[in-house]
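Data block below; observations after.
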Amino acid sequence: MVMVATTDQKARLLDLTTGVLELVRDGKRDPEEVCDVLQVIKGERNFAFILGCKQQILISRFKIRKTIKLGLHKSPEEYRKTFAGKCEIGIYAGQILDETPVSQDEVAIGLVFVMGRQLGFKRSACRDAIYAHALELGLEKCPAEVGPALREQYPDQPMGEGVVIGMDPIADSGGDLRVFGVEHYDGGLWLYGGRGNPDRVWNPDDLWVFALSRK
């Protein structure tokens, strides 16, 4: 049965359309992405239902890049042992690894790799703003264990790629907040600890890892 849009739903659609066009004007959204959203609504006969699910439309472009398992190791020390001879652990990564909660059950988690500009940021932005918008689009912050787990389960990471884990930061031994990063450069495979203070500014081309919402 085709759902007929009510006056209120039509008003909401107008507000949505106006809002996304204003975001394009302000340089906070890619025009092509906005067009994709509007085209879905335009081409859908049951657009009243689609309008109610507009968040799902907005996040439909995010695809799981990699699925990993948490809980394969039961302590930070077990992660350290499995890294031996396979990858390097940065000083700060080692410090926050010691404070990382580790799942005692095996849990699969789907990960999305997304640049800041894919989240709508054309200019550098602070971590708080990046996280807030990622969550608004239906993504989720990663458990901290994703850092070491991804490092172990991503041995074929392309040369030159570095990703930052979208996680709640953990304080290093000096009290500075850190987030995990996973990279592959000339020096090999690395797990590192990047600065995680909320006002640190990140380039729009920095590649983030978030979990895809299970809702």
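Filtered by the rule that a residue be part of a strand (DSSP E or B) and either surrounded by 14 or more Cβ atoms within 10 Å (Cβ to Cβ) or not aliphatic (A, V, I, L, M) (or both), segment 189-202 gives 189, 190, 191, 192, 193, 194, 195, 202.
Exactly one residue out of 205, 156 is outside any strand (DSSP E or B) and over 17 Å from residue 66 (Cβ atoms), and it is 205. Quick check: anything in segment 87-107 among the aromatic types (Phe, Trp, Tyr) and either crowded, with 21+ Cβ neighbours inside 10 Å or on the phi > 0 side of the Ramachandran plot (or both)? For segment 87-107, residues among the aromatic types (Phe, Trp, Tyr) and either crowded, with 21+ Cβ neighbours inside 10 Å or on the phi > 0 side of the Ramachandran plot (or both): present. Here 111, 150, 135 are screened, and the one residue that is touching a strand residue (DSSP E or B) at 6+ places or on another chain (Cβ under 8 Å), of a type in the set (A, V, I, L, M) and either more than 18 Å from residue 62 (Cα to Cα) or outside any strand (DSSP E or B) (or both) is 150. Scanning segment 181-191 for residues that are touching a Lys or Arg at 6+ places or on another chain (Cβ under 7 Å) and either without any contact (Cβ under 8 Å) to a residue 40 or more places away in the chain or among the small types (Gly, Ala, Ser) (or both) yields a single hit, 182. Contact annotation: residue pairs with Cβ atoms under 7 Å, 6 or more positions apart or on different chains, pairing a residue in segment 151-180 that is surrounded by fewer than 19 Cβ atoms within 10 Å (Cβ to Cβ) with a partner that is outside any strand (DSSP E or B), are 168/141; 168/144; 173/95; 177/169; 177/196; 177/197.
Table: residues versus (1) in the same structural domain as residue 177 (by TED's automatic domain parsing); (2) of a type outside the set (Asp, Glu); (3) at pLDDT 90 or above.
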residue: 54; (1), (2), (3): no, yes, no
residue: 78; (1), (2), (3): yes, no, yes
residue: 81; (1), (2), (3): yes, yes, yes
residue: 93; (1), (2), (3): yes, yes, yes
residue: 119; (1), (2), (3): yes, yes, no
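Within segment 202-213, not a single residue is under 22 Å from residue 107 (Cβ atoms), polar (S, T, N, Q) and modelled with pLDDT of 95 or more.
The values are calculated or read from the model by the stated rules, or taken from the named source; none is laboratory data. Because the structure is a prediction, the values reported are computed rather than measured. All Cβ positions, glycine included, derive from the backbone under ideal geometry; neighbour counts span all protein chains shown.
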